[in-house]
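Here's the structure we're looking at; comments come further down.
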Amino acid sequence: MNHWPFIIAAYALTGLGTLGVFVWSYLEMRRAEQAVSKLERSR
Amino acid sequence: MKAKNQRLILALLALAAVIGAGLLAVSGLKQEAAFFYAPGDVAENGLPLGKAVRLGGMVADKSIRHDPDGVTIHFVVEDGKAKVPVTFKGIAPDLFKEKSGVVAEGEFHPDGTFVANNLLAKHDERYMPPELAGKMHKTDTLKP
Amino acid sequence: MHAYANPARFLKIARPLTPICLVVGILLILIGSYAGLALTPPDYLQGDSVRILYIHVPAAWLGMGGWTGIAIASIVQLVWRHPLAGVAARAIAVPGALFTAICLVTGSIWGRPTWGTWWEWDGRMTSMLVLLFLYFGYIGLANASDDRTSVSRATAIFGIVGAVNIPIINRSVVWWNSLHQGPSITLRGSTISSEILWPLAPTVIGFSLFFGGIVLMRMRANLAQAKVEARMRRLAAA
């Protein structure tokens, strides 16, 4: 049996999952911190 | 005693109680949670007849024989304590080799042979490149 | 203990630390993955599929380490009432669940060519699946409260009680006959030959730093959102 399709699938799914959580966490942080700095400027 | 210390002791006691209860439950499950029977278990406790079970151990050296029909194979599973002859009809996984681990799914016959309808390969915890493996003598048996 | 209790002081450290963790972590992951895919020899028995090791092991470590972190943060919250403990526990839950899922998926993919099965109800696999469901339960409980800067006492207790599963996962292959092999890396050394083992160091350290960076980002997001919400409430009251 050729193992490479299995290896590629494992690495690809890991890449997709970590990238997804990374982008989600980053966007959430940026949005929240921008809202804070807007509040501080408006003070 | 300060309230903080009291909370700490309470939390640690609760943690110890939970872990103790969990471990107790787990040790009670010892037999049920086992994924397979080892040949030694079978020799000790008798054949589990009349139900689908799994048998796991090492494929004995030079024990694999192919029938002329091309699909039936016979081999011996051992765990250092006992041996069980196994018959299997079908396609074995790539890693199914002599002196390597196997888990067979099937049923015991009253004469002590095991008829498998599926084979799973079980490898051990050692990983090495092929050149190194060639130089080494594999003498360890699979832990039950 | 309360030296970093002040969110402002925490942020002063977290802001520069976040990109360091993420950049160094991702670099190490890439180096380790390249080495594991291209430089190391295949295994004598498993062939090339052994290369899944380099992501499967860090994922398992972070799934279990994540819950250990939640349990420690929960104790810190209940005992010392540390204001950041709840934020940290809440931030760990999602990446912890992610890596537990990655561990299960990569293990399943690895099982097919080596063991000949995608899934079996063996002690190691079952206890790891239980961990994933514990994470789902924890995320649900944590999101049930509106306060982003803490978790409820019940959630914290759930975090501590769930920790009982961690030693069970770790010992499952020793206690029970299992399809999964026994531990390769123990205090007595490693049964993985060094040529195959070495890329595991950069991927384990890299994924751990990456995990830390994600946790820091999620903590910062929750702290900032809580700040905005508190301001809105004050404006509405005035």
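The values are calculated or read from the model by the stated rules, or taken from the named source; none is laboratory data. What you see is a predicted model; the values in this text were computed from it and never measured. Backbone-built Cβ (ideal geometry, glycine too); neighbour counts: all protein chains shown. Each accessible area value is taken on the protein alone, full model and side chains, heavy atoms only, with ligands, DNA and RNA left out. Shrake-Rupley method; radii C 1.70, N 1.55, O 1.52, S 1.80 Å.
Structural remarks
- Under 5 Å from the amide H of C:D122 lies no amide H of any residue 5 or more positions distant or on a separate chain, with H modelled from the backbone and absent for Pro and chain starts.
- The relative contact order of chain B comes to 21 percent, based on Cα pairs under 8 Å that sit 6 or more residues apart.
- If R0 equals 60 Å, the separation of the Cβ atoms of C:W61 and A:L39 corresponds to a calculated FRET efficiency of about 0.95.
- Test item: C:76-83 mean partner chain Cβ contacts at 10 Å: 3
- The phi torsions of region B:13-23, fed into the Karplus equation with coefficients 6.51, -1.76 and 1.60 and a -60° offset, translate into couplings of 4, 4, 4, 5, 5, 5, 5, x, 4, x, 5 Hz, rounded to whole numbers, with Gly and Pro shown as x.
- Backbone phi angles across region C:51-60, fed through the Karplus curve with coefficients 6.51, -1.76 and 1.60 (θ = phi - 60°), yield HN-Hα couplings of 5, 5, 3, 5, 10, 5, 5, x, 5, 4 Hz in residue order; Gly and Pro are listed as x.
- Fraction of beta bridges assigned by DSSP in region B:35-135 that are antiparallel (%, nearest 5): 85
- The amide H of C:G116, built 1.01 Å from its N in the peptide plane, has B:A121 as neighbours under 5 Å, considering only residues 5 or more places off or on other chains.
- Of all the options B:A60, B:A43, B:A116, the one that moves most in a Gaussian network model of chain B with Cα springs shorter than 10 angstrom is B:A43.
- The sum of -39500 (n - 2.57) across all DSSP H runs of n ≥ 4, divided by the residue count of the protein assembly as shown, sets its helix-only mean residue ellipticity at 222 nm to -20500 deg cm²/dmol.
- Antiparallel bridges, percent of DSSP beta bridges restricted to the protein assembly as shown (to nearest 5): 80
- Close Lys-Lys pairs in region B:35-135, where close means Cα under 19 Å and separation is 8 or more or interchain: 18
- For B:D124, distant residues with modelled amide H under 5 Å away: B:G101
- Relative packing of peptides A:28-34, C:74-80, C:218-224, C:142-148 - highest average C-beta neighbours within 10 Å first: C:218-224, C:74-80, A:28-34, C:142-148
- Summed over both chains, the area buried between B and C is near 3800 Å², taken from the accessible surface of protein heavy atoms with a 1.4 Å probe.
- At a probe radius of 1.4 angstrom, the accessible area of the protein assembly as shown per residue rounds to 48 square angstrom.
- Note, ³J(HN,Hα) from phi for region C:221-238, Karplus 6.51, -1.76, 1.60, rounded to Hz, x at Gly and Pro: 4, 5, 5, 5, 4, 4, 5, 4, 5, 4, 4, 4, 5, 5, 4, 5, 6, 6
- Contact order relative to length of region C:95-238, as percent, for alpha carbon pairs under 8 angstrom and 6 or more apart: 24
- Taken over region B:35-135, the ratio of Cα radius of gyration to 2.2 N^0.38 Å equals 1.08.
- C:I160, C:I139, reordered so the largest accessible area comes first (probe 1.4 Å): C:I139, C:I160
- Counting, for every residue in C:142-148, the Cβ atoms of other protein chains within 10 Å of its Cβ and taking the mean gives 0.
- Accessible area buried at the C-A interface, both sides summed, 1.4 Å probe (Å², nearest 100): 2900
- Measuring nothing but protein heavy atoms, the accessible surface of the protein assembly as shown at 1.4 Å probe radius is 65 percent carbon and sulfur.
- Average Cα contact separation per residue, region B:5-85, under 8 Å, 6 or more apart, as relative contact order %: 24
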